1. In contact with a Phe, Trp or Tyr (Cβ under 9 Å, 6 or more places away or on another chain) and of a type outside the set (Gly, Ala, Ser) - does that describe any residue in the stretch 108-119?
2. Just for the stretch 95-112: of the residues that are modelled with pLDDT of 95 or more and in a loop (DSSP other than H, G, I, E, B), which one is farthest from ligand 2 (Cβ to nearest atom)?
3. Select from the stretch 124-136 the residues that are part of a helix (DSSP H, G or I) and farther than 30 Å from Gly90 by Cβ and list them in ascending order.
4. Considering (1) within 16 Å of ligand 1 (Cβ to nearest atom); (2) touching a Pro at 6+ places or on another chain (Cβ under 7 Å), say which one Ala102 fails and leave the rest.
5. Give the stretch 13-29 a look and list any residue that's open to solvent by 100 Å² or more (accessible area, probe 1.4 Å), away from ligand 1 (no atom under 11 Å from the Cβ) and part of a strand (DSSP E or B), or say none.
6. Filter the stretch 131-182 down to the residues that are under 22 Å from Val233 (Cβ atoms), within 13 Å of ligand 2 (Cβ to nearest atom) and crowded, with 21+ Cβ neighbours inside 10 Å and list them by number.
7. Looking at the stretch 24-41, which of its residues are free of Cβ contacts under 8 Å to residues at least 40 places away in the same chain and under 14 Å from Ala184 (Cβ atoms)?
8. Restricting to the stretch 53-81, name every residue that is open to solvent by less than 40 Å² (accessible area, probe 1.4 Å), closer than 16 Å to Tyr156 by Cα and among the aliphatic types (A, V, I, L, M).
Amino acid sequence: MLEIIDQGNSKGGAKGRIWTIDPIDGTKGFLRGGQYAVCLGLMVDGDVKVGVLGCPNLPVDDAAPLTADIGTNATDEGRGVIFSAVQGQGATSRPLGTAGLAEGKSIAMKPITEMSNASFCESVEAGHSDQGVAGQIAQKLGITKPSVRMDSQAKYGSIARGAGDIYLRLPTSKSYQEKIWDHAAGDLIVREAGGQVTDVSGNRLDFSVGRTLAENKGVIAAPAAVHDQVIKVVQEVLGQQ
Ligand SMILES: Nc1ncnc2c1ncn2[C@@H]1O[C@H](COP(=O)(O)O)[C@@H](OP(=O)(O)O)[C@H]1O
Ligand SMILES: [Mg+2]
């Protein structure tokens, strides 16, 4: 078993087929009974081709309102969802219940017609994303609803199915490099659901440079139609830091 685990030592990079797996993403969420995700991504020549997120504590219902304690009151039948996407083929969600896997249905991001009605989705852990800066960005965009804080790539799945609006991950340190297994699946699922996923500078996440997203800082995922508007304000606020 240990030998098999030790085979997961790929350096990543721009050539070949590489699987990323995060068996428990959102470890803190798993420990506190909140959100966590089992994450799988297939990259070919540094491009994400397949993404899968198993979220056992999210409700099956794509339309369930997104709250920090989402899923806690759901029954066993009503809880557990798998998000998946294949490049060029859209994104789906399917129930992951006690009865096994059910049929998938197509998911799409929710259009934001009024920015003031939108809300952010961000990490529970203040050390993973700068919540103070997120507050300033919200204010500049005219967003008044509090951010929904949840652990793991469940955030990507939640905005991809239109339950949430915008996912912000704002660097808390200059040196931290995001890991490819924390983002590969979510990046593809959101883009296939009609979203745009970039770093804080508006550059696409680059999965071709190794085990980390060394060329990127932070993550901004939003419906394609408003992504530029969000990046502009992110840049303004970060420029003032
Ligand atoms: N300083 C930091 N900035 C951003 N992400 C960090 C970080 N330190 C750890 N992480 C990553 O944040 C992930 C959880 O993200 P989130 O806050 O969205 O739930 C962790 O995954 P694991 O829980 O798999 O270790 C870990 O890889
Ligand atoms: Mg992780």
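The values are calculated or read from the model by the stated rules, or taken from the named source; none is laboratory data. These numbers come from a predicted model, not from an experiment. Cβ placement follows ideal geometry from the backbone for every residue including glycine, while neighbour counts extend to all protein chains displayed. Ligands, DNA and RNA are stripped out before the accessible areas are found, and what is left, the full protein with its side chains, is counted by its heavy atoms. Shrake-Rupley method; radii C 1.70, N 1.55, O 1.52, S 1.80 Å.
1. Scanning the stretch 108-119 turns up no residue that is in contact with a Phe, Trp or Tyr (Cβ under 9 Å, 6 or more places away or on another chain) and of a type outside the set (Gly, Ala, Ser).
2. This residue is Pro111.
3. The answer is Gln131, Gly132, Val133, Gly135, Gln136.
4. Result: Ala102 passes all but (1).
5. Passing the criteria: Arg17, Trp19.
6. Lys155, Tyr156, Arg169 - these are the residues of the stretch 131-182 that are under 22 Å from Val233 (Cβ atoms), within 13 Å of ligand 2 (Cβ to nearest atom) and crowded, with 21+ Cβ neighbours inside 10 Å.
7. Val38
8. Within the stretch 53-81, Leu53, Leu58, Val60, Ala64, Leu66, Ile70, Val81 qualify.
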